[in-house]
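See below for the structure under consideration.
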Amino acid sequence: MWNIKEIESHQKTLIEKYAESTDVHQKASLAFVLYQYFIMLENCGTLRYTGFYNLLSKGKLEVHTSRQMRYEALVDRSYQSYTFLRNPSYLSFVVELLENLAEIDEVEDPVFQPINMNEDYLYAFSEDFYRSLDDEEITPIAFALLEDRTNYQISSRILKGMENYGGITFHDPFFNKYYALISKDHSIFDLQSLNHETMHMVDGVMNPCFKHLFNQAFPEVPTYTIDYLTYDYLESQGFIESEVSKLRTNSYLYAKTLSIITLQKVKNWQRDSKDNDPLPIALERNLLEVVSIVLSYGLYEEIKKDKDLGFQKLKDFMKTDFAYDEKPDFSFIGISDENLITYSKTLGRNDSFTK
Ligand SMILES: [Zn+2]
């Protein structure tokens, strides 16, 4: 469980720093971290009983809300565009990926069977999973993170504004502290969420020039790879087969829905924008995420073929910083654009549903 006292004291220090700072960049990144703290504390179920929450309920909410808006504005301004996405040939490449993923079978949203697992069970599962990966870098980092429970908050409430997520991970670079927030679904999905959020933290620890998820080009590549590996692991452990297959279906349906929405947004943008209009931030994030879905599927296939080599590729990827204005080239991990097209077709053909 998060150490709320520590969080509040960090927050206080950063607010002071923010007020004193005159450097625009530092101010923007402080704003971003403070914004994260704000969201985090809003979503933290235990806060109801703390002084902070009382402060909110005593009518001081406005102060916080206006501060939140100020932070949000600063954060948006500090967002740097990935201009390669606007390049017509790159955009048409991503559109091809989108069209292939949109072919994924339309099936009903799976409903997970309720399964009661306490926190100790969840952590033990995640440890066993990362042990099974048996990677000399990833496994010990994951162990250290899982051991320090102040990195995690497992909440039974649905996270505000995050209804579609199993969790979210924040990083405070000023105190170099990670915070994972997991929304308990009381189903097999919780096992995926814990492994997923832990991998976000592993990614942060392993990349010395880690930028926050918001400013990373492909933050979900390591975590989606872990999702796919989690399904196989659950199966190998004899977990209820029908529930594991619901997890797979869930992730393919997500890819399909995201692709359809994103295709529409691209069409609208192409219709309405003028020559030098930037892509909306949300559309950029969607396009990058779709590339991530396909790339992580490719890495998962590589790991299945040759575990050590596959993990080496994943780690090389995690340690790479991608330029804002240059088309990303994944050939250094042996994945070309043609490979990505092939993987997107595999996903679109639903071969992977039935395994
Ligand atoms: Zn994630």
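Every number here is computed from the coordinates shown, using simple stated rules; none is lab data. These figures come from a predicted structure and were not determined experimentally. Cβ placement follows ideal geometry from the backbone for every residue including glycine, while neighbour counts extend to all protein chains displayed.
Some notes on this structure:
- Charges were assigned to the Cβ only: +1 to each Lys and Arg, -1 to each Asp and Glu. The resulting dipole of the range 214-355 about its Cα centre is roughly 420 debye.
- Amide H to amide H distances under 5 Å link residue 185 with 190, where only residues 5 or more positions off or on other chains count and H is placed in the peptide plane.
- Within the range 276-355, chymotrypsin sites (Phe, Trp or Tyr not before Pro) in DSSP loop having at most 13 other beta-carbon neighbours inside 10 Å: 324
- Residue order, fewest to most surrounding Cβ atoms within 10 angstrom, among 24, 111: 111, 24
- Cross-link table 267/313; 256/305; 5/246; 5/27; 17/265; 184/327, entries beyond 30 Å C-alpha to C-alpha: 267/313; 5/246; 17/265; 184/327
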